[in-house]
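The values are calculated or read from the model by the stated rules, or taken from the named source; none is laboratory data. The structure presented is a predicted model; accordingly, all values stated were derived computationally and were not measured. Here the Cβ is made from the backbone with ideal geometry for all residues, glycine too, and neighbour counts use every protein chain on show. In case anyone asks, the SASA skips ligands and DNA or RNA and just uses the protein heavy atoms, side chains included. Shrake-Rupley method; radii C 1.70, N 1.55, O 1.52, S 1.80 Å.
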Amino acid sequence: MKGVKGVIIVASLLSNCISSSFAASIPLSRKEVVILAPPTEVINGHPTWSEKDLVTGPAFNASNPDAPTITVGPTKILGRQASSTDTTTSTFSPTPTAYTSRVGKFSRDMLKITNDLRAIHGSPPLVWNKTLAAYASRQGRKCDFRHSHGPYGENLAGGGPMNNPVWYQWYLYTEVNNYDWNEPGFARDTGHFTQLIWKSSKEIGCAWIAGCANLSYQVWCEFSPAGNVSPVIHYVENVGRPNSGIPEAPPTYDPLYK
(Lines give C-alpha, C1' and ligand atoms only; values in the text may rest on other atoms or scores of the structure.)
Protein backbone atom coordinates (compact mmCIF):
# COMPACT_ATOMS: atom_id res chain seq x y z
CA MET A 1 0.00 0.00 0.00
CA LYS A 2 3.03 2.27 -0.09
CA GLY A 3 2.26 5.67 -1.51
CA VAL A 4 -1.52 5.21 -1.71
CA LYS A 5 -3.35 8.53 -1.67
CA GLY A 6 -6.70 9.67 -0.47
CA VAL A 7 -9.44 8.34 1.72
CA ILE A 8 -8.73 4.71 2.41
CA ILE A 9 -11.52 2.22 2.95
CA VAL A 10 -10.07 -0.97 4.33
CA ALA A 11 -12.21 -4.10 4.32
CA SER A 12 -10.39 -6.32 6.77
CA LEU A 13 -10.93 -9.70 8.34
CA LEU A 14 -10.06 -9.15 11.96
CA SER A 15 -10.22 -10.92 15.29
CA ASN A 16 -9.71 -9.65 18.82
CA CYS A 17 -6.21 -11.13 19.01
CA ILE A 18 -3.84 -10.17 16.23
CA SER A 19 -0.09 -10.60 16.40
CA SER A 20 2.74 -8.61 14.88
CA SER A 21 2.26 -10.56 11.64
CA PHE A 22 -0.87 -8.42 11.06
CA ALA A 23 0.16 -7.09 7.65
CA ALA A 24 1.09 -10.46 6.22
CA SER A 25 -1.63 -12.67 7.65
CA ILE A 26 -5.07 -11.62 8.93
CA PRO A 27 -7.21 -14.26 10.70
CA LEU A 28 -10.31 -15.25 8.82
CA SER A 29 -13.27 -14.20 10.93
CA ARG A 30 -16.03 -11.70 10.22
CA LYS A 31 -15.68 -8.85 7.77
CA GLU A 32 -15.08 -5.42 9.29
CA VAL A 33 -15.01 -2.06 7.55
CA VAL A 34 -12.66 0.75 8.56
CA ILE A 35 -12.52 4.14 6.89
CA LEU A 36 -9.41 6.27 7.34
CA ALA A 37 -9.08 9.87 6.29
CA PRO A 38 -5.68 10.55 4.71
CA PRO A 39 -3.00 11.54 7.21
CA THR A 40 -1.69 15.05 7.77
CA GLU A 41 1.68 16.23 6.53
CA VAL A 42 3.11 19.59 7.62
CA ILE A 43 4.77 21.34 4.68
CA ASN A 44 6.36 24.75 5.19
CA GLY A 45 4.59 25.01 8.53
CA HIS A 46 1.11 24.31 7.15
CA PRO A 47 -0.88 21.07 7.71
CA THR A 48 -1.62 19.57 4.30
CA TRP A 49 -3.88 16.75 3.10
CA SER A 50 -4.52 15.09 -0.24
CA GLU A 51 -8.15 13.99 -0.48
CA LYS A 52 -8.72 13.89 -4.24
CA ASP A 53 -7.94 10.23 -4.93
CA LEU A 54 -9.83 7.33 -3.41
CA VAL A 55 -8.89 3.72 -2.93
CA THR A 56 -12.04 1.81 -2.15
CA GLY A 57 -13.30 -1.54 -1.06
CA PRO A 58 -16.03 -3.39 -2.98
CA ALA A 59 -18.82 -1.91 -0.82
CA PHE A 60 -17.93 1.71 -1.60
CA ASN A 61 -20.40 3.79 -3.63
CA ALA A 62 -18.16 5.73 -6.03
CA SER A 63 -21.09 7.78 -7.33
CA ASN A 64 -20.71 10.12 -4.35
CA PRO A 65 -17.00 10.27 -3.45
CA ASP A 66 -17.40 13.34 -1.24
CA ALA A 67 -19.59 11.42 1.21
CA PRO A 68 -17.94 8.03 1.75
CA THR A 69 -20.27 5.45 3.21
CA ILE A 70 -20.16 1.87 4.34
CA THR A 71 -22.95 -0.63 3.87
CA VAL A 72 -22.26 -2.61 7.06
CA GLY A 73 -24.40 -1.26 9.89
CA PRO A 74 -23.29 -1.33 13.54
CA THR A 75 -24.64 -4.00 15.87
CA LYS A 76 -25.69 -1.38 18.42
CA ILE A 77 -26.44 2.33 18.10
CA LEU A 78 -26.68 4.73 21.04
CA GLY A 79 -27.94 2.29 23.62
CA ARG A 80 -30.34 0.22 21.54
CA GLN A 81 -30.08 -2.77 19.27
CA ALA A 82 -29.60 -1.81 15.65
CA SER A 83 -32.45 -2.67 13.32
CA SER A 84 -32.23 -3.91 9.75
CA THR A 85 -32.61 -0.31 8.55
CA ASP A 86 -29.66 1.01 10.55
CA THR A 87 -27.00 1.04 7.90
CA THR A 88 -24.87 3.95 6.81
CA THR A 89 -26.87 4.28 3.60
CA SER A 90 -30.21 4.61 5.43
CA THR A 91 -31.96 7.80 6.52
CA PHE A 92 -31.25 7.08 10.20
CA SER A 93 -29.77 10.33 11.50
CA PRO A 94 -29.93 10.94 15.26
CA THR A 95 -28.15 13.81 16.91
CA PRO A 96 -24.60 12.48 17.26
CA THR A 97 -23.33 11.71 20.73
CA ALA A 98 -19.76 12.70 21.60
CA TYR A 99 -17.42 11.62 24.38
CA THR A 100 -14.59 14.09 24.72
CA SER A 101 -12.66 15.86 27.46
CA ARG A 102 -14.70 14.94 30.50
CA VAL A 103 -12.73 13.23 33.23
CA GLY A 104 -13.75 9.64 32.77
CA LYS A 105 -13.24 6.39 30.96
CA PHE A 106 -12.88 7.80 27.45
CA SER A 107 -10.08 10.28 28.14
CA ARG A 108 -8.25 7.85 30.44
CA ASP A 109 -8.47 4.96 28.00
CA MET A 110 -7.46 6.99 24.95
CA LEU A 111 -4.51 8.52 26.76
CA LYS A 112 -3.38 5.12 28.01
CA ILE A 113 -3.49 3.32 24.66
CA THR A 114 -1.77 6.26 22.95
CA ASN A 115 1.04 6.49 25.49
CA ASP A 116 1.49 2.71 25.65
CA LEU A 117 1.98 2.66 21.89
CA ARG A 118 4.32 5.65 21.98
CA ALA A 119 6.46 3.97 24.63
CA ILE A 120 7.22 1.14 22.20
CA HIS A 121 9.15 3.71 20.15
CA GLY A 122 10.72 5.65 23.01
CA SER A 123 8.36 8.60 22.56
CA PRO A 124 7.46 10.57 25.71
CA PRO A 125 3.86 10.40 26.97
CA LEU A 126 1.31 12.94 25.81
CA VAL A 127 -0.95 14.90 28.14
CA TRP A 128 -4.68 15.35 27.60
CA ASN A 129 -5.70 18.79 26.37
CA LYS A 130 -9.38 19.72 26.79
CA THR A 131 -9.14 22.44 24.16
CA LEU A 132 -8.01 19.89 21.58
CA ALA A 133 -10.74 17.48 22.67
CA ALA A 134 -13.41 20.16 22.43
CA TYR A 135 -12.15 21.10 18.97
CA ALA A 136 -12.36 17.44 17.88
CA SER A 137 -15.90 17.23 19.23
CA ARG A 138 -17.07 20.37 17.41
CA GLN A 139 -15.68 19.09 14.12
CA GLY A 140 -16.92 15.53 14.52
CA ARG A 141 -20.47 16.53 15.44
CA LYS A 142 -20.86 18.04 11.98
CA CYS A 143 -21.03 14.45 10.67
CA ASP A 144 -18.73 15.40 7.82
CA PHE A 145 -15.95 12.81 7.86
CA ARG A 146 -13.27 14.96 6.28
CA HIS A 147 -10.30 16.78 7.75
CA SER A 148 -11.05 20.05 9.51
CA HIS A 149 -7.96 21.75 8.04
CA GLY A 150 -7.26 23.22 11.46
CA PRO A 151 -3.92 24.05 13.06
CA TYR A 152 -3.30 20.63 14.61
CA GLY A 153 -2.14 17.21 13.56
CA GLU A 154 -5.31 15.21 13.02
CA ASN A 155 -6.06 11.48 12.75
CA LEU A 156 -9.53 10.31 11.74
CA ALA A 157 -10.87 6.76 11.71
CA GLY A 158 -14.32 5.26 11.71
CA GLY A 159 -16.48 2.40 10.61
CA GLY A 160 -18.62 -0.38 11.96
CA PRO A 161 -19.64 -2.51 13.68
CA MET A 162 -16.62 -1.91 15.96
CA ASN A 163 -17.61 0.61 18.62
CA ASN A 164 -14.48 0.87 20.81
CA PRO A 165 -12.40 4.03 20.22
CA VAL A 166 -9.36 2.36 21.80
CA TRP A 167 -9.52 -0.33 19.12
CA TYR A 168 -9.44 2.31 16.36
CA GLN A 169 -6.37 3.93 17.91
CA TRP A 170 -4.68 0.53 17.99
CA TYR A 171 -5.73 -0.08 14.38
CA LEU A 172 -4.07 3.12 13.23
CA TYR A 173 -0.90 2.02 14.98
CA THR A 174 -0.76 -1.19 12.93
CA GLU A 175 0.43 0.94 10.00
CA VAL A 176 3.84 0.43 11.64
CA ASN A 177 4.08 -2.74 9.56
CA ASN A 178 4.18 -0.61 6.40
CA TYR A 179 6.85 1.81 7.58
CA ASP A 180 10.16 1.63 5.72
CA TRP A 181 12.82 2.16 8.38
CA ASN A 182 15.51 2.29 5.68
CA GLU A 183 13.74 5.18 3.91
CA PRO A 184 12.08 7.22 6.67
CA GLY A 185 9.58 9.88 5.73
CA PHE A 186 5.93 10.59 5.07
CA ALA A 187 3.69 8.07 3.35
CA ARG A 188 -0.09 7.92 3.26
CA ASP A 189 -0.20 4.32 4.42
CA THR A 190 1.91 5.13 7.52
CA GLY A 191 1.09 8.77 8.29
CA HIS A 192 -1.46 7.99 11.01
CA PHE A 193 1.14 5.81 12.76
CA THR A 194 3.93 8.39 12.52
CA GLN A 195 1.68 11.13 13.94
CA LEU A 196 0.61 8.84 16.77
CA ILE A 197 4.17 8.21 17.98
CA TRP A 198 5.76 11.54 16.90
CA LYS A 199 8.21 12.40 19.69
CA SER A 200 7.82 16.17 19.47
CA SER A 201 4.04 16.12 19.90
CA LYS A 202 3.19 16.98 23.51
CA GLU A 203 -0.61 17.04 23.81
CA ILE A 204 -3.61 15.15 22.52
CA GLY A 205 -7.37 15.60 22.63
CA CYS A 206 -9.86 13.20 21.07
CA ALA A 207 -13.59 12.86 20.51
CA TRP A 208 -15.72 9.77 19.94
CA ILE A 209 -18.68 10.50 17.68
CA ALA A 210 -21.57 8.04 17.46
CA GLY A 211 -24.75 8.23 15.43
CA CYS A 212 -23.88 10.07 12.21
CA ALA A 213 -25.88 8.75 9.27
CA ASN A 214 -22.94 8.54 6.88
CA LEU A 215 -20.53 6.83 9.31
CA SER A 216 -21.94 5.53 12.56
CA TYR A 217 -18.75 5.41 14.64
CA GLN A 218 -15.89 7.92 14.39
CA VAL A 219 -12.84 8.82 16.44
CA TRP A 220 -11.18 12.22 15.94
CA CYS A 221 -7.80 12.97 17.54
CA GLU A 222 -5.93 16.27 17.51
CA PHE A 223 -2.18 16.51 18.25
CA SER A 224 -0.12 19.53 19.25
CA PRO A 225 2.43 20.34 18.06
CA ALA A 226 1.54 18.54 14.84
CA GLY A 227 3.68 15.64 13.71
CA ASN A 228 4.64 14.47 10.21
CA VAL A 229 6.75 17.56 9.65
CA SER A 230 8.93 17.60 6.55
CA PRO A 231 11.83 17.28 5.67
CA VAL A 232 12.96 13.68 6.22
CA ILE A 233 15.41 14.57 9.01
CA HIS A 234 12.43 15.21 11.29
CA TYR A 235 11.23 11.64 10.77
CA VAL A 236 14.67 10.33 11.72
CA GLU A 237 14.48 12.37 14.92
CA ASN A 238 10.84 11.73 15.83
CA VAL A 239 9.99 8.19 14.68
CA GLY A 240 12.02 5.70 16.69
CA ARG A 241 12.35 2.02 15.92
CA PRO A 242 10.10 -0.25 18.00
CA ASN A 243 11.41 -2.20 20.97
CA SER A 244 8.62 -4.80 20.70
CA GLY A 245 5.94 -6.02 18.32
CA ILE A 246 2.36 -4.85 17.89
CA PRO A 247 0.46 -5.43 21.13
CA GLU A 248 -2.64 -7.58 21.27
CA ALA A 249 -5.72 -5.94 19.83
CA PRO A 250 -8.16 -4.33 22.26
CA PRO A 251 -11.77 -5.56 22.17
CA THR A 252 -13.79 -4.25 19.26
CA TYR A 253 -16.77 -3.70 21.57
CA ASP A 254 -17.09 -1.51 24.66
CA PRO A 255 -20.46 -1.25 26.43
CA LEU A 256 -19.90 2.42 27.32
CA TYR A 257 -20.26 3.36 23.66
CA LYS A 258 -23.11 1.00 22.76
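Tell me whether the range 159-215 comes out rounded, prolate or oblate; compute the Cα gyration tensor, take square roots of the eigenvalues as a ≥ b ≥ c, and use a/c under 1.5 as the rounded threshold. Note, shape of the range 159-215 comes out prolate.
Looking at the range 122-258, the DSSP beta bridges with both ends there are about 90 percent antiparallel.
Leaving ligands and nucleic acids out of the surface, order Arg141, Arg118 by accessible area at 1.4 Å, largest first.
If we order Arg141, Arg118 from most to least accessible, we get Arg141, Arg118.
Approximating the spin labels as points 7 Å out from Cα along Cα→Cβ, the Asp144-to-Arg108 distance works out to 3.6 nm. Put simply, the amide H of His147, placed in the peptide plane, has no neighbours under 5 Å, leaving out anything fewer than 5 places away on its chain.
Once backbone amide H atoms are built at 1.01 Å from N, Gly240 has no partners under 5 Å, excluding neighbours fewer than 5 places away on the same chain.
Loop-only check: which GluC sites (Glu not before Pro) in the range 188-258 are DSSP coil with at most 16 other Cβ within 10 angstrom?
Sparse-neighbourhood loop GluC sites (Glu not before Pro): Glu248.
What residues from the range 164-205 fall in the zone where the backbone N is under 14 Å from a label point 7 Å along the Cα-to-C-beta line of Ser244? Those under the cut-off are none; the list is empty. Given R0 = 30 Å, the distance between the Cβ atoms of His46 and Glu183 translates into a calculated FRET efficiency of 0.80. Note on Arg108: accessible area approximately 150 square angstrom, rounded to 10, probe 1.4 Å, nucleic acids and ligands left out.
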